[in-house]
Amino acid sequence: MVEEDEYSCVNRAQLKIKDNSGIKKKKKKKANKDTEKVIKQQINNNEVQEQVKQREEEKRTKAELAFKKMQEKMQRQRIQQKAEMTHKQRVEKFNQHLDSLTEHFDIPKVSWTK
């Protein structure tokens, strides 16, 4: 009977196993608000950059403006020329150019044995 007295305060009910099905996980909120903020910031940044460019253009002389305009025009032409031909076409053209060269431009063989 001494043993019963020692364990009289112990709960003799069956142990319960924790079940995750009753726990609700928090759903992540969609980032719609964040994307809207980012878009607004980008629009504001673009507007600020345009204003800065306009201020810079106001400070420039006519010659500087003409120079910049020509630079942009030349760059557009270079891009257009590169876009006209594919890589394969450029390689074929280069090979034709090499074939048209005379042998004068070939590197002569150098041999120490002869």
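Taking 27 Å as the straight-line reach from the Cα of Lys18, the lysines in range (excluding those fewer than 8 positions away in the same chain) are Lys26, Lys27, Lys28. Counting 0.36 nm for each residue step from Gln75 to Ser100 and taking away their Cα separation leaves a gain of 6.0 nm. Computed 3J(HN,Hα) for the range 34-50, one whole-Hz value per residue from the Karplus formula 6.51 cos²θ - 1.76 cosθ + 1.60 where θ = phi - 60°, is 5, 5, 5, 5, 4, 5, 4, 5, 5, 4, 5, 4, 4, 5, 5, 5, 5, glycine and proline marked x.
Bear in mind these aren't lab numbers, they're just calculated from the coordinates by the rules spelled out. Please read these numbers as outputs of a predicted model, since none were measured by experiment.
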